[in-house]
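This report refers to the structure that appears directly beneath it.
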Amino acid sequence: MHCPCPEPNPKGTARFGKAARLRHRQEFLRAQAQGKRFHTPHFGVTLAPMAEDHPRLGLVATRRMGKAVQRNRVKRLLREFFRRHQAGLPAFDLVIMAKKGAAALGYHQVEEELGRLLFSRARQKTHD
């Protein structure tokens with residue numbers, strides 16, 4: 001099955017700078033309060049509207065998910081997905097919460113699971 005995602009950016013053209021991150025607790029709390037929640041088998045996703053014209057990413061990986069090595073690996077996979085596809089994502093604050101079992105996924109499985117959810121939302125937003 002092929003991912004419905006747009007073609008990722010060529011190597012070296014995508015960045016994940018400070019402007020693309022949720023960095024403060026208040027930003028996470030606002031996104032959780034105002035956002036709409038969606039679930040996939042391995043992730044909980046909150047999409048919150050924002051005033052800026054580019055998406056921002058916040059990650060949550062609790063100890064319940066596994067040891068530090070597993071949590072860090074999942075966060076690396078999620079950052080890579082966001083970095084490659086941020087140009088095609090809608091301008092939302094995006095909070096991704098990893099669930100138990102997410103550490104066993106490979107990059108292409110993460111891309112497939114999140115791509116299906118996020119890019120269908122992007123298409124719906126453009127048709128509204």
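The values are calculated or read from the model by the stated rules, or taken from the named source; none is laboratory data. Everything numeric in this text was worked out from a predicted model, so none of it was measured. As a convention, Cβ positions derive from the backbone with ideal geometry for all residues, glycine included, and neighbour counts pool all protein chains shown. Each accessible area value is taken on the protein alone, full model and side chains, heavy atoms only, with ligands, DNA and RNA left out. Shrake-Rupley method; radii C 1.70, N 1.55, O 1.52, S 1.80 Å.
Here is how the numbers come out for the structure above:
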quantity: Long-range neighbours under 6 Å by Cβ, at least six apart or interchain, first residue closer than 19 Å to Arg84 by Cα within the stretch 44-66, second at pLDDT 90 or above and assigned to a loop (DSSP other than H, G, I, E, B); calculated: Leu47/Gly35; Arg56/Leu22; Gly58/Leu22
quantity: Search result, residues across the stretch 48-66 that are farther than 14 Å from Glu27 by Cβ, open to solvent by less than 50 Å² (accessible area, probe 1.4 Å) and not in a helix (DSSP H, G or I); calculated: Ala61, Gly66
quantity: Test: residue in the stretch 67-87 that is surrounded by 17 or more Cβ atoms within 10 Å (Cβ to Cβ), outside any helix (DSSP H, G or I) and either of a type in the set (Phe, Trp, Tyr) or within 13 Å of the chain's Cα centre (by Cα) (or both); calculated: no
quantity: All positions within the stretch 88-116 that are outside any helix (DSSP H, G or I), open to solvent by 30 Å² or more (accessible area, probe 1.4 Å) and aliphatic (A, V, I, L, M); calculated: Met97
quantity: The stretch 32-56, subset more than 13 Å from the chain's Cα centre (by Cα) and either closer than 20 Å to Val74 by Cβ or of a type in the set (Asp, Glu) (or both), residue modelled with the lowest pLDDT; calculated: Glu52
